[in-house]
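Working notes for the structure below.
The values are calculated or read from the model by the stated rules, or taken from the named source; none is laboratory data. Everything numeric in this text was worked out from a predicted model, so none of it was measured. Counting neighbours? That spans all protein chains shown, and the Cβs are built from the backbone with ideal geometry, glycine included.
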Amino acid sequence: MTERTIIRNAHIVTVNPADEEFSDGYLVIDDAVIVAVGAGPVPSQWTGTGAHDGTSPRITVVDARGHLVTPGLINTHHHLYQWLTRGHAQDAILFDWLTALYPLWSMIDADLVEAGALGAIAVAARSGCSTVGDHHYVFPGGAGDILGGIVNAASTVGVRLHATRGSMDLGRSAGGLPPDFAVETIDAILAASDLAIDRYHDAGAGAMTQVALAPCSPFSVTAELLTESAALGRARGVRLHTHGSETVEEDAFCLATFGRTPTQYLEDLGWLGPDVWMAHCVHLDEHAIGRFAATGTSVAHCPSSNARLAAGIAPVPAMLDAGVTVGLGVDGAASNESGQLGSEIRMAVLMNRLGSGADRMTGRTALRMATMGGARTLGRAAEIGSLEVGKLADVAVWKVDGVEHAGILDPVAALTLGAQPPLALLLVNGRAVVRDGALTRVDEGTVARGVARASAALRLR
């Protein structure tokens, strides 16, 4: 029997190509798919016992008066395991922060990572996030199936996961930043990457888990690893991800080591293209922005982490003007102790206005980055990122008539400029993952206790 969900009386932001909004609108979902969206009362064809195709669906009606409805948010860059190491190196820039945390991260294993990922994903979901992109690049010997632990955590909460098999092979003795104990050999990385695709990548429609390959950064991987990973990823039909142009120190490293900027170096190695997305891109110059636009390379903008590590303000308005696809990311929880993607929308507005002017970043532009921008970044624009007929029913319903937002002129401003609204409902594939601010598939107290135990165990190691 078809399970039909009708959301009515809501302010609906579709984020479709026409940027349609309905101040008093409806959304109809049959099982996992959106079948109708529009303004005014729900048409009778969707509300009767006999549906348009002759079946008799089981109908659930959600009266969303006083609520804002958006697509589920899409997180394009995270390091879920870092949920266990929040609060460390609080006043450090990136290179010093990494140096302080590498030894701790070298002690992780699959069980600890799963506990940390479960906590991080739970918080992301409670902030409206229906899809999580994770970049995991630390794989100690004998640590077990770390990627499998992350996949389990996402499945437990009920969100989509874009998991990357990250890597580092350039240790300190060879001129890289990571200590030698934190790196792997190229052969081991490529074999593990191939296995990760076999085990966890779903290339089919509506996939809940996909895999990408993600050598970590120019200062932690060799040119050979970048080249070989790109060749493997493209041969297997998966996307590619890395960090790029995050800090002035990274720029200086690339100029001193390779005689090129990070963008020039990565492009020479085949790392610009429509199947690539890069995190941060804080220090892209005009030429680099042009190359990203010309090649279809996407960007994961992480404003809170960039501020936390004093990396700078990314030129996002200039990227968007040039036609670069930009999504939003939380980044590692150890460089953004919040872990909430919903609040990154507001931060993106404020940071980019500070960097480029008050008229250069609207709230709706930031919301589009958090939804359709993220969908395009992850290669899922045909399935998620907007509320359109035929798309998967990943939907966030925000309460905007409470004490924080009652009377606000524009309900969208409640989400993009105000305090993050309470999340009344988060649907993934039409099924509730969060209801009335609480997770529906896992006990939050159990998750919190698991995180506390895992964090303590990691510190003891």
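Has segment 71-86 got at least one residue that is among the aromatic types (F, W, Y), under 30 Å from V248 (Cβ atoms) and surrounded by fewer than 22 Cβ atoms within 10 Å (Cβ to Cβ)?
First, pick out the residues of segment 71-86 that are among the aromatic types (F, W, Y): 81, 83.
This time we only want the ones that are under 30 Å from V248 (Cβ atoms), so: 81, 83.
Going one step further and asking which of them are surrounded by fewer than 22 Cβ atoms within 10 Å (Cβ to Cβ), we end up with none.
Within segment 71-86 (the criterion being among the aromatic types (F, W, Y), under 30 Å from V248 (Cβ atoms) and surrounded by fewer than 22 Cβ atoms within 10 Å (Cβ to Cβ)), the answer is no, since none of the residues qualifies.
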Inset, instruction - Quickly run through segment 234-249 and pick out the residues that are over 17 Å from V299 (Cα atoms) and in contact with a Phe, Trp or Tyr (Cβ under 6 Å, 6 or more places away or on another chain). - result: E249
Inset, instruction - Please tell me if V138 is crowded, with 17+ Cβ neighbours inside 10 Å, of a type in the set (V, I, T) and part of a loop (DSSP other than H, G, I, E, B). - result: yes
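Of all residues in segment 36-48, which are in contact with a Lys or Arg (Cβ under 8 Å, 6 or more places away or on another chain) and within 29 Å of T365 (Cα to Cα)?
Taking segment 36-48 first, the residues in contact with a Lys or Arg (Cβ under 8 Å, 6 or more places away or on another chain) are 41-42, 46.
Of everything in segment 36-48, those that are in contact with a Lys or Arg (Cβ under 8 Å, 6 or more places away or on another chain) and within 29 Å of T365 (Cα to Cα) turn out to be P41, V42.
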Legend entry - Boolean, L427 is hydrophobic (A, V, I, L, M, F, W, C), surrounded by 13 or more Cβ atoms within 10 Å (Cβ to Cβ) and touching a strand residue (DSSP E or B) at 6+ places or on another chain (Cβ under 6 Å): yes
Legend entry - Unmet requirement for L409, which otherwise passes all of (1) outside any strand (DSSP E or B); (2) in contact (Cβ under 8 Å) with a residue 12 or more places away in the chain: (2)
Inset, instruction - Could you run through segment 292-313 and say how many residues are touching a Gly at 6+ places or on another chain (Cβ under 8 Å) and either in a strand (DSSP E or B) or in contact (Cβ under 8 Å) with a residue 40 or more places away in the chain (or both)? - result: 7
Inset, instruction - Would you mind telling me which numbered condition in (1) more than 22 Å from A432 (Cβ to Cβ); (2) of a type outside the set (S, T, Y); (3) at pLDDT 95 or above G48 fails? - result: (3)
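Any residue in segment 99-115 that is of a type in the set (D, E) and under 23 Å from A414 (Cα atoms)? Before you say what the answer is, go through the steps one by one.
Step one: of segment 99-115, the residues of a type in the set (D, E) are 109, 111, 114.
With the extra rule that they be under 23 Å from A414 (Cα atoms), the set shrinks to none.
Checked against the condition, which is being of a type in the set (D, E) and under 23 Å from A414 (Cα atoms), segment 99-115 yields no hits at all.
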Inset, instruction - Return the pairs, sorted by first residue and then second, in which the second residue is surrounded by fewer than 21 Cβ atoms within 10 Å (Cβ to Cβ) and aromatic (F, W, Y), the first residue lies in segment 225-237 and is in contact (Cβ under 8 Å) with a residue 12 or more places away in the chain, the beta carbons are less than 7 Å apart, and the residues are 6+ apart or on different chains. - result: none
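Which of the helices (runs of 4 or more DSSP H) found entirely inside segment 198-272 contain at least 2 residues meeting this: farther than 23 Å from V138 by Cα and of a type in the set (V, I, T)? Give the steps one after another, and end with the answer.
Numbers: elements: 223-236, 248-258, 262-268.
Per the criteria, 248-258.
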Legend entry - Residues located in segment 272-299, provided they are in contact with a Phe, Trp or Tyr (Cβ under 8 Å, 6 or more places away or on another chain) and over 19 Å from C254 (Cβ atoms): S298
Inset, instruction - Out of the residues in segment 24-48 that are in contact (Cβ under 8 Å) with a residue 60 or more places away in the chain and surrounded by fewer than 18 Cβ atoms within 10 Å (Cβ to Cβ), state the one that is nearest to N429 (Cα to Cα). - result: A32
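Being in contact with a strand residue (DSSP E or B) (Cβ under 7 Å, 6 or more places away or on another chain) and not aliphatic (A, V, I, L, M) is the filter here; which residues of segment 388-424 pass it? So that I can check it myself, show each step before the final result.
Let us first name the residues in segment 388-424 that are in contact with a strand residue (DSSP E or B) (Cβ under 7 Å, 6 or more places away or on another chain), namely 388-400, 411-412, 414-415, 421-424.
Once the filter is applied, which keeps residues that are in contact with a strand residue (DSSP E or B) (Cβ under 7 Å, 6 or more places away or on another chain) and not aliphatic (A, V, I, L, M), segment 388-424 yields E388, G390, K391, D394, W398, K399, P411, P421, P422.
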